[in-house]
Amino acid sequence: MDTARPTPSARDAIVAGATDCHFHIYDESYPALPNAVLRPPPAPISDYRALQRRLGLTRAVIVQPSTYGTDNRLILDVVQALGPANTRAVAVVAEDIHDDELARLHAGGVRGIRFNLSRPGGPGQDAIERMGQRVAQWGWHVQLNTSAQVLRELGPALLRQRDYPVVVDHMGHVPATALDGAEYQTLADLLRAGATYVKLSGFYKVSAQGAPHYADAVELARRLVEIAPDRMLWGSDWPHPTESAKGNAPDDAILFGLLAEIAPDKPTRTKILAENPARLYGF
C-alpha cells in the first residue's frame, strides 16, 4: 500500500449537480425477505442526507437491494423523502408485473430495473431481454449486478441489442489486476458499442491493492473513462453493505476523491457526475 501519496479528498472531485447514482437505504420498518442473505444494520435516510452534505452531492439514485426483493415501497418512500426533483430509483420487479404497476413506479421516480446475477438461479438472458423490451416504453434502462464471468457470457447478446440502455454495476466486477483479460475486453467492447453505461463504484470489490488509494482499480476506471466518458456514472455504494458486514467500511470522502485522479479535468468529471446522470435518469 502506497502511504506516501496524498489522501484523495472529496473537494478535489466535486462539480455542480454532482449525482450519486448508486446507494441503498436499510430500514427495519420495511420487511426483509425471509431468505435474504444480506441483512446489514440500519442505514437511515438521515445518515444518507449527512453523507450528501459531507460530499457536496445534490442528486441521488437509490437502488433496490436484494434484501427487499420486489417490494419497492422503501425506495419509493426515499424518493419522496429526499425530494422527487433530485432523486430517482432503480427497482427490482417480477416478470409478471402489470403495466399499471410499472406506470405507478414511473410516477414514483423509478427509471430502471435491476437484475442481480451474482447468485445462482437468477434470470437468464431471455428474461432480461423480455423485461428490457417492456420497460423501454418508459425510457427506462436495465441494470446488471453480475460477476465478470457472467458478464462475459452475456456479452454477445448485450452487444446485439439497441432498444434500451444497459447499466453495469461496479465496473462489471472486473478484477483490476486483469486488464489484459477477456472479462475486461468484454466490458470495453460493450462500451465501444454505444448502448452500455458503467458505474464507477465498488472499488473495494475489484481492487487487489486496497485502501486508501485503490491504485489498480483507479487504473481500471481511468481506462473505462477514456473509452466512453459520455457513458460513465459514479456511485457511492453507501452504506457499503458487503464491506460493513465485515467491519471494513471505506471512507466515502476518499472514494469520491478518487474521481479527481480518474478524471483530472473538470469537464470530464462534469459528464460523469452531472451530465450523464441527467440524461439517463431524466433529472
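The values are calculated or read from the model by the stated rules, or taken from the named source; none is laboratory data. Please read these numbers as outputs of a predicted model, since none were measured by experiment. Virtual Cβ from ideal backbone geometry, glycine too; neighbours counted across all protein chains shown. Keep in mind that these areas ignore ligands, DNA and RNA; they rest on the heavy atoms of the full protein, side chains included. Shrake-Rupley method; radii C 1.70, N 1.55, O 1.52, S 1.80 Å.
For this structure, a couple of remarks:
- Apportionment of accessible area to carbon and sulfur, the range 84-138, percent (1.4 Å): 51 percent
- Between Leu159 and Lys266, the modelled labels are 4.0 nm apart [label points 7 Å from Cα along Cα→Cβ].
- Carbon + sulfur, % of accessible area of the range 20-64 - ligands and nucleic acids excluded, 1.4 Å: 54 percent
- Using the 1.4 Å probe convention, the accessible area of the chain works out to 42 Å² per residue with neighbouring protein chains retained.
- Think of each Lys and Arg Cβ as +1 and each Asp and Glu Cβ as -1; about the Cα centre, that makes the dipole of the range 1-137 roughly 520 debye.
- Accessible carbon and sulfur surface of the range 142-283 relative to its total accessible area, %, 1.4 Å: 47 percent
- Only helical runs count toward this figure. For the chain, summing -39,500 (n - 2.57) over DSSP H runs of n ≥ 4 and dividing by all residues gives -10500 deg cm²/dmol at 222 nm.
- Near Thr70: Cβ cut-off under 13 Å, other residues only, Lys/Arg at +1 and Asp/Glu at -1. The net charge is -2.
- The spacing between the range 83-153 and the range 217-283, judged by their C-alpha centroids, is 21 Å.
- Cβ-based charge dipole, the range 18-102, positive-most Cα from Asn72, Gln52, Tyr26: Gln52
- Placing +1 on the Cβ of every Lys and Arg and -1 on the Cβ of every Asp and Glu, with no other charges, gives the chain a dipole of roughly 480 debye about its Cα centre.
- Taking the range 1-139 and dividing mean pair separation by its residue count, relative contact order in percent (alpha carbons under 8 Å, at least six apart): 20 percent
- Between the beta carbons of Gln149 and Asp126, assuming R0 = 25 Å, the FRET efficiency works out to 0.85 to the nearest 0.05.
- Positive dipole terminus of the range 102-207, leading residue within Ala188, Gln143, His106 (C-beta point charges): His106
- For the chain: relative contact order, % (alpha-carbon pairs under 8 angstrom, 6 or more apart): 23 percent
- Packing, taken as the mean count of other beta carbons within 10 Å per residue, orders the peptides 193-206, 103-116 from highest to lowest as 193-206, 103-116.
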